[in-house]
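Below: the structure, in structure tokens.
The values are calculated or read from the model by the stated rules, or taken from the named source; none is laboratory data. Keep in mind it's a predicted model, so treat the numbers as computed, not measured. Here Cβ is always computed from backbone atoms with ideal geometry, including for glycine, and neighbour counts include all displayed protein chains. The protein model used for the area step is the full one, side chains on, heavy atoms only, and it has no ligands, DNA or RNA in it. Shrake-Rupley method; radii C 1.70, N 1.55, O 1.52, S 1.80 Å.
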Amino acid sequence: MTKLQHIINGAKVNGTSDSIFEIYNPSTGKIVTKMQGAGSEDVKKAIDAAHDAFEGWKKVSPSMRAQIMFNYRDLLNKNLYELAELISREHGKTLADAKGEVLRGLEVVEFCTSINSHLKSDFTADVSSSIDSYNLRQPLGVCAGITPFNFPAMVPMWMYPVAIACGNTFVLKLSERDPSCGLRLTELMAEAGLPDGVLNTVVGDKEAVDEILHNPKVAAVSFVGSTSVGEYIYQEGCSNNKRVQALCGAKNHMIVMPDASLDQSCEAILGAAYGSAGERCMAISVVVAVGNEIADRIVEQLTPMVKSLKIGAFDEDGVEMGPVITKQSQENINNYINQGIDQGAKLVLDGRDNIPKEGFYVGACIFDKVTKDMSIYTDEIFGPVLSIVRVENYEEALDLVNKHEYGNGAAIFTRDGDTARHFTMNVEAGMAGVNVPIPVPVAMHSFGGWKRSLFGSSSIHGMEGVRFYTKLKTITSRWPSGIRKGAQFHFEGGKNAS
Ligand code: NAD
């Protein structure tokens with residue numbers, strides 16, 4: 001069994017914390033590799049390396065940084081299959097899904113190949129006589145990223161390519177549950193030409209995170225993960241004067257209007273609720289059916305579709321849904337299923353017996369007649385369990401979505417343009433879909449939720465990412481030199497400003 005190592009200042013090193021992480025193949029339930037976690041001393045070394053590398057890296061021209069991103073893009077394409085397999089073996093998602101995740105990350109890298117344009121600034125000539133004004137966006141210094149298990153490649157790539165292309169150096173703290181792909185991605189950055197120390201990758205738990213949050217050399221922290229941890233990271237990071245963005249948990253609703261295409265809606269629900277075994281922050285976990293008639297028709301059409309999902313290991317032919325990440329997660333989801341039954345929801349499909357014996361599988365379930373006081377409705381389950389809530393009209397559906405504590409994504413399925421437009425204008429969520437169940441923005445746009453799905457004011461990647469990883473400087477300059485106006489002790493309006 002190969003043991004994994006952290007990558008600090010270009011070297012592979014063992015961790016020194018007391019935590020030994022056992023990394024499983026969730027498809028078999030067996031340990032595939034182990035790793036000694038990064039303790040606070042290891043993280044401190046990673047931060048020091050990034051800090052030392054910053055002075056040199058910030059002076060590298062954006063064109064040169066972009067060239068490294070071009071090289072990286074080629075390497076990601078060349079190693080796509082290997083990267084996908086590393087993800088699937090430790091996460092459990094299908095190979096097709098893992099490839100898709102790497103490709104979504106790669107699109108962020110492609111966005112970064114144009115960093116010259118993204119850093120291009122405003123310039124106003126002659127704001128006053130012989131005075132020009134312009135903006136610069138300059139890097140912050142050492143930035144850090146703390147990432148979840150469910151997208152071990154895409155979420156890190158939401159962060160470090162943008163930060164590094166903007167001229168920052170980076171410390172990436174990967175999830176301890178599936179770190180192999182993130183470590184390999186770091187090696188590929190070096191192969192693409194990135195100097196040592198610019199990207200340092202460690203795997204650790206709270207001890208590692210706390211070093212990031214308290215170390216004065218860290219200027220900014222990006223976090224993606226659960227709401228309880230994200231809220232802590234946001235508060236702790238801000239109280240230490242860091243710029244923080246924390247993208248957190250979700251409960252994404254999909255409203256199905258009576259005029260929606262039933263076939264389109266059911267296919268969308270199938271992929272969005274059960275893809276990646278529901279372990280996506282943009283998974284649809286609640287269908288809001290407007291009217292009993294459409295609700296009955298969804299249940300009738302969807303149930304056999306979900307029942308016939310092929311569940312199994314990522315490398316089996318034709319597999320559509322894999323296991324969940326850990327035994328603990330499997331137990332947690334099964335507890336929610338029991339709570340749903342106890343609280344009176346109707347379990348119209350119980351998939352719990354229809355799963356492979358080995359590994360951390362959870363059968364695909366559908367609950368109908370779920371009400372808003374039930375824990376399967378209020379909580380993020382992060383598993384293949386769908387709740388159907390029945391409402392009488394569109395206003396009630398929108399109100400339900402808007403009153404939920406999470407506001408990551410929300411979708412509506414309808415053929416009516418007025419309703420669709422009203423929904424997009426009034427839904428309390430950061431990402432809204434019309435006849436699109438998982439409205440994940442592409443790389444040139446930005447990803448982020450509202451309410452308790454995001455702490456901080458910045459979404460991630462796209463121009464929001466560039467703004468997050470840079471600080472604005474505005475220059476006012478007078479040329480030619482030698483112009484004299486005498487000392488002035490009062491402000492003047494723009495026309496005459498000195
Ligand atoms: P998690 O919160 O358990 O872990 C996320 C990161 O925080 C990991 O690196 C982990 O090591 C670290 N961590 C865990 N406990 C900590 C603690 N007590 N103190 C400090 N750090 C700690 O999340 P997860 O289970 O890995 O991922 C699933 C969650 O992530 C879900 O809630 C999902 O909705 C969310 N998620 C959100 C988005 C988004 O963009 N909004 C995207 C992906 C995942």
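Here are the numbers for this structure:
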| item | result |
| --- | --- |
| Only listed residue being touching a residue at least 40 places away in the same chain (Cβ under 8 Å), touching a His at 6+ places or on another chain (Cβ under 9 Å) and in a helix (DSSP H, G or I), chosen from Ala98, Ala53, Ala49, Ala66 | Ala98 |
| Single unsatisfied condition, Ser276 versus (1) more than 18 Å from Ile412 (Cα to Cα); (2) of a type in the set (S, T, N, Q); (3) surrounded by fewer than 20 Cβ atoms within 10 Å (Cβ to Cβ) | (3) |
| In the range 445-476, the residues that are away from the ligand (no atom under 12 Å from the Cβ), closer than 27 Å to Gly237 by Cα and among the hydrophobic types (A, V, I, L, M, F, W, C) | Met463, Val466, Phe468, Leu472 |
| Residue, surrounded by the most Cβ atoms within 10 Å (Cβ to Cβ), within the range 195-211, restricted to residues that are more than 9 Å from the ligand (Cβ to nearest atom) and assigned to a loop (DSSP other than H, G, I, E, B) | Val198 |
| Residue match in the range 97-112 (condition: touching a Leu at 6+ places or on another chain (Cβ under 7 Å), surrounded by fewer than 16 Cβ atoms within 10 Å (Cβ to Cβ), modelled with pLDDT of 95 or more and outside the structural domain of Pro384 (by TED's automatic domain parsing)) | no |
| Residue within the range 459-466 that is assigned by TED's automatic domain parsing to the domain that holds Met154, open to solvent by 80 Å² or more (accessible area, probe 1.4 Å), under 30 Å from Glu101 (Cβ atoms) and not acidic (Asp, Glu) present | no |
| Only one of Lys12, Lys34 that is touching a His at 6+ places or on another chain (Cβ under 8 Å) and assigned to a strand (DSSP E or B) | Lys12 |
| Gln245 vs. criteria open to solvent by less than 10 Å² (accessible area, probe 1.4 Å), within 14 Å of the ligand (Cβ to nearest atom), of a type outside the set (Val, Ile, Thr) and touching a Phe, Trp or Tyr at 6+ places or on another chain (Cβ under 9 Å) | yes |
| Unique residue being out of contact with any helix residue (DSSP H, G or I) (no Cβ under 8 Å at 6 or more places or on another chain), more than 10 Å from the ligand (Cβ to nearest atom) and either not assigned by TED's automatic domain parsing to the domain that holds Ser459 or not acidic (Asp, Glu) (or both) when the list is Ala219, Ala165, Ala192 | Ala219 |
| Close pairs from the range 298-325: first within 12 Å of Ile355 (Cβ to Cβ), partner outside any loop (DSSP other than H, G, I, E, B) and open to solvent by 20 Å² or more (accessible area, probe 1.4 Å), Cβ under 6 Å, at least 6 apart | Met321/Ile311; Val324/Gln330 |
| Identity of the residue in the range 184-208, in contact with a strand residue (DSSP E or B) (Cβ under 6 Å, 6 or more places away or on another chain) and among the aliphatic types (A, V, I, L, M), that ends up farthest from Gly105 (Cα to Cα) | Ala208 |
| Residues within the range 254-281 that are under 18 Å from the mean Cα position of the chain (by Cα) and either more than 21 Å from Lys93 (Cα to Cα) or not basic (Lys, Arg) (or both), tallied | 8 |
| Count - residues of the range 136-162 that are within 15 Å of the ligand (Cβ to nearest atom) and either in contact (Cβ under 8 Å) with a residue 40 or more places away in the chain or over 20 Å from Asn9 (Cβ atoms) (or both) | 17 |
| Residue in the range 285-306 that is within 16 Å of the ligand (Cβ to nearest atom), modelled with pLDDT of 95 or more and more than 16 Å from Met257 (Cα to Cα) present | yes |
| Leading residue by the ranking (nearest to Gln67 (Cα to Cα)) among those in the range 168-189 that are within 16 Å of the ligand (Cβ to nearest atom) and part of a strand (DSSP E or B) | Phe170 |
| From Asn426, Asn354, Asn402, Asn408, residue being polar (S, T, N, Q) and touching a residue at least 60 places away in the same chain (Cβ under 8 Å) | Asn408 |
| Residues that are in contact with a strand residue (DSSP E or B) (Cβ under 7 Å, 6 or more places away or on another chain), among the aromatic types (Phe, Trp, Tyr) and closer than 30 Å to Gln330 by Cβ, drawn from the range 377-415 | Tyr377, Tyr406 |
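Here's the yes/no breakdown for (1) farther than 17 Å from Tyr274 by Cβ; (2) in a loop (DSSP other than H, G, I, E, B):
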position: Asn332; (1), (2): yes, no
position: Gln339; (1), (2): yes, no
position: Gly344; (1), (2): yes, yes
position: Gly351; (1), (2): no, yes
position: Gly359; (1), (2): no, yes
position: Asp373; (1), (2): yes, yes
